[in-house]
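This report concerns only the one structure given below.
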Amino acid sequence: MKAKLLILMTSALLVACGGSDDSDSSNSNSNSNSNSNSNSNSNSNSNSNSNSNSNSNVLESKALVNTVSGIVMREALLDGMVDTLVNGMDETLESAKCTSGAYQVTKTTITFNNCAGIFASDEGGTVSGSVDISKGYDFKNFTIKFPDGRQHVVSGLLEFNDSDESIFTNQLLIAAKELNANKKLIDVNYTLSNYKLILKKQDANNAKIQLNGKLESKGGEHGDFKVAFSNDNTPFYLKINSEEEVVGSFYAGTMTIYDLNKTTNVVTITAINADKAQHKAVVNGKVLFDEVKTWTQILDE
């Protein structure tokens with residue numbers, strides 16, 4: 001996976017410039033590298049039984065822990081919903097073209113009409129809805145649809161801070177339709193709040209990522225949850241290339257996920273190297289699992 005290291009500063013500068021002028025159009029190609037694995041890709045690779053969609057809101061099943069861990073780590077590795085939105089908007093303001101559908105740009109608003117090829121293009125995503133660009137990216141019932149029936153309806157403001165090179169939101173709401181293990185669409189609602197991502201170049205070959213926030217979900221296949229997550233005290237480090245793009249996964253750092261409904265439930269994901277991580281879940285004061293996994297396994301859960 002690759003993501004542009006300086007995407008956060010680029011975004012802020014583009015917003016400050018107001019993008020393009022009063023019209024833009026029906027466009028025809030894109031080099032978007034965004035990925036919409038962002039929200040809880042409810043895939044049930046887990047060994048747990050999919051009936052765990054009980055009303056339990058605590059991290060007590062392996063399937064639910066894996067789902068939450070996957071969502072948080074995709075955000076940390078610039079492969080989640082926030083990155084999908086920021087990448088797509090950055091490319092739009094750089095005049096990326098829709099492969100079908102269209103968008104229009106005014107001084108403060110971009111309106112999309114079934115635009116394909118910019119957001120989540122690798123999954124055939126098409127987008128409709130408006131984004132106010134007068135202060136960051138303010139999404140208004142912004143809908144990403146996929147050919148298999150999945151969709152995400154996003155509302156909320158993403159903002160940028162030049163001084164610490166961060167992206168943040170007080171609240172981002174995502175109303176999703178997801179496929180469960182039986183390939184049936186289910187309604188899942190997410191609330192991402194108090195979110196802040198800081199991405200800083202350390203030297204020519206290394207970058208640091210700090211991420212913290214809160215995430216709540218209702219209606220998911222493996223149950224509801226409400227968690228906080230942070231690696232502020234143990235930041236992730238990864239390699240970058242000569243074009244300042246992220247290359248590979250984290251080689252150092254730890255993400256900690258706290259169950260806000262039961263404080264004795266804690267999940268940690270610690271980088272062993274750029275290929276593997278230690279994934280540990282403590283539930284009710286006891287170890288639910290403590291496993292070495294590849295980053296791919298964690299991200300795909």
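Points to keep in mind about this one:
- Any hit, the stretch 251-265, residues being assigned to a strand (DSSP E or B), open to solvent by less than 60 Å² (accessible area, probe 1.4 Å) and farther than 22 Å from Thr296 by Cβ: yes
- Of all residues in the stretch 217-236, those that are closer than 17 Å to Asn189 by Cα and either in contact (Cβ under 8 Å) with a residue 40 or more places away in the chain or aliphatic (A, V, I, L, M) (or both) total 10.
- Pair list, Cβ under 9 Å, 6 or more apart: the stretch 287-301 residue assigned to a strand (DSSP E or B), other residue exposed (fewer than 14 other Cβ atoms within 10 Å of the Cβ): Thr294/Asp275
- Pair list, Cβ < 6 Å and 6+ apart or interchain, from the stretch 127-153 residues that are under 26 Å from Lys183 (Cβ atoms) and in contact (Cβ under 8 Å) with a residue 60 or more places away in the chain to residues that are of a type in the set (A, V, I, L, M) and not in a strand (DSSP E or B): Ile144/Ala120
- Residue that is farthest from Thr92 (Cα to Cα) [pool: residues in the stretch 126-151 that are under 18 Å from the mean Cα position of the chain (by Cα) and not in a strand (DSSP E or B)]: Arg150
- Any pair with Cβ under 6 angstrom, 6 or more apart, that starts in the stretch 112-125 at a residue that is under 17 Å from Leu93 (Cβ atoms) and among the small types (Gly, Ala, Ser) and ends at one that is open to solvent by 10 Å² or more (accessible area, probe 1.4 Å) and at pLDDT 95 or above: Gly117/Thr99
- Residue check for Lys201: in contact with a strand residue (DSSP E or B) (Cβ under 9 Å, 6 or more places away or on another chain), within 30 Å of Gln151 (Cβ to Cβ) and not hydroxyl-bearing (Ser, Thr, Tyr): no
- Residue, least open to solvent (accessible area, probe 1.4 Å), within the stretch 266-286, restricted to residues that are assigned to a loop (DSSP other than H, G, I, E, B) and touching a residue at least 24 places away in the same chain (Cβ under 8 Å): Ala274
- Failed item in (1) open to solvent by 60 Å² or more (accessible area, probe 1.4 Å); (2) in contact with a strand residue (DSSP E or B) (Cβ under 7 Å, 6 or more places away or on another chain), with Phe168 passing the rest: (1)
- Checked against the criteria, Ala181 counts as out of contact with any strand residue (DSSP E or B) (no Cβ under 7 Å at 6 or more places or on another chain) and surrounded by fewer than 19 Cβ atoms within 10 Å (Cβ to Cβ).
- Summed over the stretch 154-165, residues that are acidic (Asp, Glu) and either without any contact (Cβ under 8 Å) to a residue 60 or more places away in the chain or crowded, with 20+ Cβ neighbours inside 10 Å (or both) total 2.
- Residues of the stretch 184-207 satisfying the condition of being surrounded by 16 or more Cβ atoms within 10 Å (Cβ to Cβ) and of a type in the set (A, V, I, L, M, F, W, C): Val188, Leu192, Leu197, Ile198, Leu199, Ala207
- For the stretch 57-111, the set of residues classified as among the hydrophobic types (A, V, I, L, M, F, W, C), open to solvent by less than 10 Å² (accessible area, probe 1.4 Å) and part of a strand (DSSP E or B) consists of Val105, Ile110, listed by residue number.
- Test: Ile118 is outside any strand (DSSP E or B), among the β-branched types (Val, Ile, Thr) and within 20 Å of Asp79 (Cα to Cα): yes
The values are calculated or read from the model by the stated rules, or taken from the named source; none is laboratory data. Predicted, not measured: the structure shown is a model, and the values here were computed from it. Note that we place each Cβ from the backbone using ideal geometry, even for glycine, and neighbour counts take in every protein chain shown. Heavy atoms of the whole protein, side chains included, go into the accessibility calculation; ligands, DNA and RNA do not. Shrake-Rupley method; radii C 1.70, N 1.55, O 1.52, S 1.80 Å.
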